[in-house]
1. Would you check which residues across region 48-62 are assigned to a helix (DSSP H, G or I), open to solvent by less than 60 Å² (accessible area, probe 1.4 Å) and over 24 Å from ALA371 (Cα atoms) and list them?
2. Kindly indicate whether any position in region 372-381 is at pLDDT 95 or above, charged (D, E, K, R) and under 14 Å from the mean Cα position of the chain (by Cα).
3. State whether the residues of region 66-82 include one that is out of contact with any Asp or Glu (no Cβ under 9 Å at 6 or more places or on another chain), open to solvent by 80 Å² or more (accessible area, probe 1.4 Å) and over 30 Å from SER32 (Cβ atoms).
4. Is there a residue in region 358-365 that is touching a Lys or Arg at 6+ places or on another chain (Cβ under 8 Å), modelled with pLDDT of 95 or more and over 30 Å from GLY412 (Cβ atoms)?
5. When region 194-241 is examined, which residues are found to be among the hydroxyl-bearing types (Ser, Thr, Tyr) and within 24 Å of the chain's Cα centre (by Cα)?
6. Restricting attention to region 501-520, and to residues there that are more than 17 Å from ARG549 (Cβ to Cβ) and under 21 Å from the mean Cα position of the chain (by Cα), which single residue is surrounded by the most Cβ atoms within 10 Å (Cβ to Cβ)?
7. Take VAL304 and tell me if it is within 24 Å of ILE187 (Cα to Cα) and either under 16 Å from the mean Cα position of the chain (by Cα) or surrounded by 24 or more Cβ atoms within 10 Å (Cβ to Cβ) (or both).
8. Of a type in the set (A, V, I, L, M), touching a helix residue (DSSP H, G or I) at 6+ places or on another chain (Cβ under 9 Å) and either assigned to a helix (DSSP H, G or I) or open to solvent by 30 Å² or more (accessible area, probe 1.4 Å) (or both), is that true of VAL286?
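The values are calculated or read from the model by the stated rules, or taken from the named source; none is laboratory data. Note that this is a predicted model, so its numbers are computed, not measured. Positions of Cβ are generated from backbone atoms using ideal geometry, with glycine treated the same way; all protein chains shown enter the neighbour counts. In case anyone asks, the SASA skips ligands and DNA or RNA and just uses the protein heavy atoms, side chains included. Shrake-Rupley method; radii C 1.70, N 1.55, O 1.52, S 1.80 Å.
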Amino acid sequence: MASTQTQTQPQPPVATHDVTNQPPPLAPYDSSDDAALLEGLRREGAGWAEEEIRRLGARAGSATAQEWGEQANLNEPVLRTHDRYGNRVDEVDFHPSWHHLMRAAVEAGLAGSAWADERPGAHVARTAGGLVWGHTEAGHGCPTSMTYAAVPALRAQPELAKVYEPLLTSREYEPGLRVPAEKPGLIAGMGMTEKQGGSDVRTNTTTATPTGEPGVYTLRGHKWFTSAPMSDVFLVLAQAPGGLSCFLVPRVLPDGSRNAFRIQRLKDKLGNRSNASSEPEFDRTVAWLVGPEGRGVKTIIEMVNCTRLDCVMSSATLMRKTLVEAGHHARHRSAFGARLLEQPLMRNVLADLALESEAATTLTLRLAGAADRAVRGDEGERAFRRIATAVGKYWVTKRGPAFTAEALECLGGNGYVEDSGMPRHYREAPLLSIWEGSGNVNALDVLRALGREPGAADALFAELALARGADARLDSAVAALRTELPRADQFGARRLVERMALALQASLLVRHAPGAVADAFCATRLGGDWGHSFGTLPSGTDPDAVLERALPDRG
């Protein structure tokens with residue numbers, strides 16, 4: 001007899017791994033969707049490049065380009081000192097993603113091509129391109145920066161510039177070592193520091209011996225930090241009979257033979273993992289003199305000025321990239337009954353970060369505008385560039401690590417996981433305050449500019465005067481600077497340069513940003529109505545206006 005009891009059917013197990021309350025991938029997105037950047041591009045004379053910058057921004061935020069950045073850092077460069085037969089080759093192998101990034105950057109004009117572009121604003125357009133393309137990853141920005149910076153230094157030797165400048169300003173990228181003059185485009189590197197001196201390059205011990213052929217020397221010595229060793233040519237400092245001098249060192253000589261460039265090892269760095277940084281040894285390495293003997297620092301300082309601007313640019317890019325990541329997470333993640341972006345305290349944090357990011361971007365583009373006008377003969381802009389680039393390099397790169405840490409924290413534990421990408425950005429941030437002179441070096445360089453170039457201080461105050469009367473807090477800060485300047489000394493150099501930077505950023509925002517942005521910046525950074533960490537904006541701040549400008553909702 002059949003049972004009258006209902007048979008219970010087995011139920012499928014309840015899923016324990018349904019993914020909820022997690023943001024969707026950010027990519028694809030447009031890294032040029034940044035009001036401060038686009039306004040600065042137009043204001044500094046490169047509005048003609050906006051369409052190209054927008055295309056580059058869309059490409060930078062694409063899933064493909066973002067994957068290139070990730071893969072270039074996961075698959076780090078590998079040093080091969082010898083081939084299978086035992087021959088010395090000193091080559092570094094890179095993942096294909098590195099070459100994809102490099103090719104795209106060079107084609108976009110982020111290496112040396114601005115020097116061949118006669119349009120006013122060409123250097124601004126290049127900087128804006130770096131601000132958007134840098135959202136992919138930071139490491140490959142090192143060789144493109146050095147290539148850009150090599151051109152003005154190389155012009156100290158017109159015969160060499162005639163041969164190499166058209167190749168350094170090319171938009172074609174060809175990896176691999178061969179005779180430089182036979183390639184469609186070149187990448188340049190720089191070898192300045194040595195293990196016993198670091199930034200004190202006058203203590204360098206690498207020697208340069210004349211060969212008897214005019215302008216040709218052989219080098220012997222060891223460099224401590226030479227990045228992108230697979231570059232085609234390098235500008236190197238060495239001690240010639242007449243003192244510290246600058247030299248051009250190609251990896252491959254005109255006859256096709258390999259120049260002596262013995263890579264001892266690659267640096268095991270905190271971040272910047274995609275970019276190979278090396279210790280090369282020179283032993284009868286053939287080099288060509290650039291500029292007069294004994295004027296090596298003066299010759300190569302033009303290169304340093306350019307790469308310092310790129311350090312400011314890269315820090316501003318990291319700020320913007322991590323702010324976008326934090327804002328995206330906050331827009332899609334909920335906690336305690338509301339989206340994070342709707343939570344008042346999170347809005348304070350994000351608005352504070354947005355102020356810092358806009359100030360950094362605006363200053364970066366102003367410095368690029370000064371560089372562009374200086375190379376075209378504007379002496380006032382040359383003087384402003386001289387002091388303001390060092391000020392910006394000190395301050396913006398100093399702000400990067402704290403900013404990136406706060407943006408990472410906005411993602412909570414998710415931000416501490418490598419998959420989020422935030423740990424890579426966090427490891428990158430401290431680098432930019434170290435390369436091209438640490439904080440102390442740049443602060444002292446500002447004092448040097450004040451003491452040796454009478455027009456530098458005048459140029460800075462002329463810039464600040466453009467906002468006179470617009471904000472009482474800014475007027476007070478500028479007056480205090482005038483009082484402090486005559487008492488400037490090494491002990492107080494950082495304090496002085498910090499105040500210069502904040503006054504300069506405030507002046508730019510008062511003139512060019514919406515009132516809510518400028519007022520909040522002046523109230524906190526100048527007026528003292530602020531805590532000691534991000535997210536301490538005072539009551540009365542308009543976070544809605546700040547965030548709508550910084551994080552527009554396009555979806």
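1. ALA58, ALA60
2. No, region 372-381 contains no residue that is at pLDDT 95 or above, charged (D, E, K, R) and under 14 Å from the mean Cα position of the chain (by Cα).
3. Scanning region 66-82 turns up no residue that is out of contact with any Asp or Glu (no Cβ under 9 Å at 6 or more places or on another chain), open to solvent by 80 Å² or more (accessible area, probe 1.4 Å) and over 30 Å from SER32 (Cβ atoms).
4. Scanning region 358-365 turns up at least one residue that is touching a Lys or Arg at 6+ places or on another chain (Cβ under 8 Å), modelled with pLDDT of 95 or more and over 30 Å from GLY412 (Cβ atoms).
5. Matches in region 194-241: SER199, THR226, SER227, SER231.
6. LEU504
7. Yes: the conditions hold for VAL304.
8. So VAL286 does not fit the description; no.
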